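Please treat every number below as a calculation from the coordinates, not as lab data. Source: prediction; values computed, not measured. Virtual Cβ from ideal backbone geometry, glycine too; neighbours counted across all protein chains shown.
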């Protein structure tokens, strides 16, 4: 299939929390080529595309950009940032700076986003659930899921479960299945339980600098209390931030997303995979596992380890994969975005999956089951397509239902 | 125009609430406190008035629970002064006592408007606004959702909700106490970095209050809602449950 496959660009250094006033200097090397705007899946509905916004800010026209719809329409798919010939930080620098400026003005904010930020401040998760209930999902896992403060010894693997996999019912099912897979592989692991808090990717990219700093301080302190060889993490957004941003702020950990962790154990996993999937499979590269960290091969290797699997690709795959439209806190801005855009990116993506005629849309990001399952219904593909996390497909093949 | 906003700390239900060993009060070690939501709306309405008509906004909280953070948040949002009211009380006082305590502090001050949330989740003996207005001898309007100043400055026009989806505009002589149901817009967001700055730079003042002559509420027994005995739980798949519901309705002659 003739899709564009440029080189993976490694994470670029740069100011993590620029103020809007720093943008003209940081974007001095912008050549106004427009690759960002042309690559942006939201560009056509932005009042000012990223290229134009950068130029206006360089010219001192801050207020026009800050009060436009542009700040809240970036979904942080990172296509622009990966392709930018001047290596500028667009979703990681320009947009958080714009959003911080909107917040600093004290204008009314979208209520779902405000609630998510307030909840994260109070409870360490955007859903507003009690931190004490963070490990409640483990009670019905069917296998032991030890809490690290209770095991009182070093463990091989600390599993940072993250917010959606801990609290959202659809994702809790997936977490239970991963626990069973880890158990079947004999992995010595533990979770943080009530001590775990949001890693803070959403808050950072939403421009809530103080909240991100608060979460980082706390997380580095908690992670520093325990002895483990590596961190296994279920959410790609948190994975990317813990892998690439925390070290620059004083927290260096050996961290792996589950696709990487399980792909490393493929030899051990393969003999346990018995059942053939019920239909052909197409895989959605999430932005954080794909463009942001370059894990294109491990998820595909895991899927291909399942006996009899027929893996087909969507028209936009790997580097050019289309975002689900939920990154950088826009998962809380669905209504705001829908009022301005013609369609939702998740709906467009599901149409691409349906066009492959695969019956299973495989994902590896906790945002996707609910986003794509909604999109499957909205686009009328309920008879044709089911959404399954790679963990679910592995567990099913292993007979760990 | 000078506005006082009374900000109350209430138990955060997200964290769950336990009854203490006496069976008459909430166990203070089981809870954390947050700002009562209607009080957050009262503050927002006061700040909107400040923006529209250069009012001065002062926020008062009883020194119970974790009031200081809510007061710093109010300062970060734009309040001009924040005060913790020292009461000498060990537990959270009831509404009558609270009204008397606030009356003793606000009595001597020249406030044109006193805003409270119209209710709090732990009001046991009536809502604060009406009781306070009684002690201060001022008019009270509850269920307020909008406040406009008038040109002469001696009155305000408030929009008050009534049952059945009705609302009325009332002209209220100042000074007055208003119980706010909801502000005209949702309470504003304070970025955490702004809150942290204010916590370093600003200060929360203290005042002392007394509540003589109030007979406190005596709680006989406090308990969680008890599970009813009459419920029948249906189980099975959707079709089976639907069949059972149809059978039950038909047994009771509710189906034709």
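Values computed for the structure shown
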item	result
For the range A:254-388: relative contact order, % (alpha-carbon pairs under 8 angstrom, 6 or more apart)	27 percent
0 to 90° range, to nearest 10: angle between helix A:368-378 axis and chain A longest Cα axis	80 degrees
Rg and Dmax of chain A, Cα atoms only, in Å	20.6, 62
Percentage relative contact order, the range A:20-104, counting C-alpha pairs under 8 Å, at least six apart	36 percent
Hypothetical label at residue B:200: residues of the range B:61-93 whose amide nitrogen lies under 17 Å (7 Å Cα-Cβ projection)	B:72-73, B:76
Relative contact order of chain B, pairs being alpha-carbon contacts under 8 Å that are 6 or more residues apart, as %	23 percent
Peptide A:298-304 - average C-beta neighbours from other chains (10 Å radius)	0
Between 0 and 90°, nearest 10: helix A:169-184 axis offset from chain A longest Cα axis	50 degrees
Between the range B:64-102 and the range A:281-325, the alpha-carbon center distance in angstrom	54 Å
Additional length obtainable on full extension of the chain from residue B:168 to residue B:17, 0.36 nm per residue less Cα span	50.6 nm
Cut-off 20 Å (backbone N to label point 7 Å along Cα→Cβ of residue B:56), residues of the range B:177-208	B:177-178, B:202-208
Full-stretch length increase - residue B:250, residue B:2 - with 0.36 nm per residue and alpha-carbon distance subtracted	82.9 nm
Helical mean residue ellipticity (222 nm; -39500 (n - 2.57) per DSSP H run of 4+; nearest 500) of chain B	-9000 deg cm²/dmol
With Cα atoms, 0 to 90° folded angle of helix B:192-201 axis to chain B main axis	40 degrees
Rounded to 5, the percent of DSSP beta bridges in the protein assembly as shown classed as antiparallel	25 percent
Net lengthening on full extension, residue A:16/residue A:264 (0.36 nm per residue, minus Cα-Cα)	86.2 nm
Rounded FRET efficiency, nearest 0.05, which uses the C-beta distance separating residue B:109 from residue A:384 and R0 of 56 Å	0.20
Zone of residue B:90's modelled label, taken as backbone nitrogen in the range B:8-37 under 16 Å from a point 7 Å along Cα→Cβ	B:20-29
Peptide-level mean, for A:100-113, of C-beta atoms on other protein chains within 10 Å	3
